[in-house]
Amino acid sequence: MATYILVPGADGTAWYWHLVVTQLRDQGHTVVTVSFPADDSAGLDAFADAIISAVRSTAPGLDGPVVLVAQSLGGFSAPLICDRVPVDRIVLVNAMVPRPGESAGEWWGNTGQAAARSAYAEALGRGADAEFDLRTDFFHDVPPEVTEEALAAPQSGPPAAIFAQPWPLAAWPGVPTRFLQGRDDRFFPLEFQRGVVRERLGIDVEVVPGGHLVALSHPGELAAELLKEA
């Protein structure tokens with residue numbers, strides 16, 4: 001059996017993964033979920049410590065292969081634990097891939113995300129100047145009952161410090177890495193991610209159904225991909 005460490009994106013809550021967690025645990029695997037500190041001064045080190053704390057409290061034995069899974073902004077924090085936990089595989093899901101010394105705040109301009117999102121919005125008929133809308137950009141393919149549950153919870157963005165701190169690693173960890181990208185992601189469009197991932201990791205993305213919140217919209221398909229790592 002494997003141990004899965006599931007790292008959330010900007011919402012910072014373990015709840016994001018709850019539909020996937022059920023399917024992984026039903027197959028007998030150990031699943032570690034993480035919620036990040038709400039402290040606005042918390043940076044990447046605090047996020048990495050939160051992941052380690054969750055691992056130690058949930059799976060101190062780390063039986064079987066260890067699979068580190070990171071969603072969106074989690075691409076900045078998850079790799080930082082690879083020198084503290086014996087990670088066998090990394091699976092990125094609609095993730096931000098950092099360069100050494102690049103902050104999460106700089107990533108957007110460096111990659112051209114805004115132009116890519118704008119072009120995709122125009123292609124969908126929303127107009128190139130379409131403002132970001134949580135329901136339209138993130139929850140467009142999430143079942144209504146799951147959307148309402150998500151939006152009923154207190155809403156808070158990630159700490160400001162997480163966007164200011166340069167990514168501290170000299171290179172991506174030497175751990176086999178897969179990249180799963182939602183076909184209908186309106187925030188990080190597929191073709192945009194293909195280019196970023198190929199340039200920064202030297203691998204191709206693997207296309208999965210769903211938008212940016214694929215763990216909520218297509219948990220079964222995502223769980224099936226993660227189970228390939230067990």
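The values are calculated or read from the model by the stated rules, or taken from the named source; none is laboratory data. As the structure is a computational prediction, the values presented were derived from the model and not from experiment. Backbone-built Cβ (ideal geometry, glycine too); neighbour counts: all protein chains shown.
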> In this structure, does ALA2 turn out to be in contact (Cβ under 8 Å) with a residue 12 or more places away in the chain and either within 15 Å of the chain's Cα centre (by Cα) or under 21 Å from VAL93 (Cα atoms) (or both)?
Replying inline: yes
>> Being over 30 Å from GLY195 (Cα atoms) and either in contact (Cβ under 8 Å) with a residue 12 or more places away in the chain or among the hydrophobic types (A, V, I, L, M, F, W, C) (or both): is that true of LEU62 here?
In response: yes
> Counting just the residues of region 70-100 that are under 19 Å from PRO159 (Cα atoms) and assigned to a loop (DSSP other than H, G, I, E, B), which one comes out farthest from the chain's Cα centre (by Cα)?
Replying inline: PRO98
> Which number in (1) over 19 Å from ASP137 (Cα atoms); (2) part of a loop (DSSP other than H, G, I, E, B); (3) in contact with a strand residue (DSSP E or B) (Cβ under 7 Å, 6 or more places away or on another chain) marks the one condition that ARG178 misses?
Replying inline: (2)
>> If I go through region 100-132 residue by residue, how many of them are in contact (Cβ under 8 Å) with a residue 40 or more places away in the chain, closer than 19 Å to ARG198 by Cα and surrounded by 17 or more Cβ atoms within 10 Å (Cβ to Cβ)?
In response: 6
> If only one of ILE81, ILE90, ILE52 is on the phi < 0 side of the Ramachandran plot and either surrounded by fewer than 19 Cβ atoms within 10 Å (Cβ to Cβ) or among the acidic types (Asp, Glu) (or both), which one is it?
Replying inline: ILE52
>> Tell me yes or no: at least one residue of region 57-69 is under 17 Å from the mean Cα position of the chain (by Cα), not aliphatic (A, V, I, L, M) and not in a strand (DSSP E or B).
In response: no
>> With the structure loaded, tell me whether VAL97 is modelled with pLDDT of 95 or more and either under 19 Å from PHE179 (Cα atoms) or charged (D, E, K, R) (or both) or whether it fails that test.
In response: yes
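Which one of LEU134, LEU124, LEU80, LEU92 is over 27 Å from GLU221 (Cβ atoms) and either of a type outside the set (Ser, Thr, Tyr) or modelled with pLDDT of 95 or more (or both)? Full working, then the answer.
Details: LEU134 fails: over 27 Å from GLU221 (Cβ atoms); LEU124 fails: over 27 Å from GLU221 (Cβ atoms); LEU92 fails: over 27 Å from GLU221 (Cβ atoms).
Testing whether each residue is over 27 Å from GLU221 (Cβ atoms) and either of a type outside the set (Ser, Thr, Tyr) or modelled with pLDDT of 95 or more (or both) leaves just LEU80.
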>> Being among the acidic types (Asp, Glu), touching a His at 6+ places or on another chain (Cβ under 9 Å) and closer than 26 Å to GLY109 by Cα is true for just one of ASP137, ASP141. Which residue is that?
In response: ASP137
>> I'm trying to understand the selection: among the residues of region 189-230, which are closer than 19 Å to VAL21 by Cβ, over 16 Å from the mean Cα position of the chain (by Cα) and not in a helix (DSSP H, G or I)?
In response: LYS228, GLU229, ALA230
> Taking region 107-162 as the region of interest, how many residues are part of a loop (DSSP other than H, G, I, E, B) and either over 20 Å from PHE188 (Cβ atoms) or not acidic (Asp, Glu) (or both)?
Replying inline: 20
